[in-house]
Structures are given as structure tokens and as C-alpha cells.
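Here is the structure we will look at.
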Amino acid sequence: MEAVIYLIAILGCGDGAQRCSQQRVEPTPYATIQACRAALPEALARNTDIDYPTIAADCRASGPLIAARPAAPLG
């Protein structure tokens, strides 16, 4: 079974209420969500060349997701 890793997605966002869209993904994997979130400011600083009014970053899980608890029985 593969472990879940976290990657930083760089997002371009429009003005106002327009949605953000993923523009690129940073290549560095992180073992925990905490490590990924700690790296967000540096990732944003590396990606200021995206042509959107607002640039954002988000940590995204990659790999198989494991349920935290077993599913409830049917019936």
C-alpha cells in the first residue's frame, strides 16, 4: 500500500467571486499536511509569474486515501 503524500497546487484566481483554477503543481512531495502548509509561503514566492490578479496555493493529497475508520455495516 502506498503512502499518501501532499503536493502544493498553485492556483490562479480572478477578481471578486471568480473561482480559482490550478495552474501548476510544485514537484516537492511532503509527508504531512503540516509540512506542506509550512512550505506554502515559499511556494507562492516562487510562482509570482502567473498571469492572474490573485495567486493562491493549496496542499492537495496525492496517492491512495485511507479511511480513518471502518465504514458502518449495511442493513
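Computed packing ranks the peptides 23-31, 41-49, 55-63 as 55-63, 23-31, 41-49, most packed first, by mean other Cβ atoms within 10 Å.
Let me check I've understood the local charge: for Gly12, count other residues with C-beta under 15 angstrom from its C-beta, Lys and Arg +1, Asp and Glu -1. What total comes out? With Lys, Arg at +1 and Asp, Glu at -1, the net is -2.
Quick note: the coordinates plus some simple rules give every number you see, no bench work behind them. Note that this is a predicted model, so its numbers are computed, not measured. Ideal geometry is used to build each Cβ from the backbone, glycine not excepted, and the neighbour counts take in all protein chains shown.
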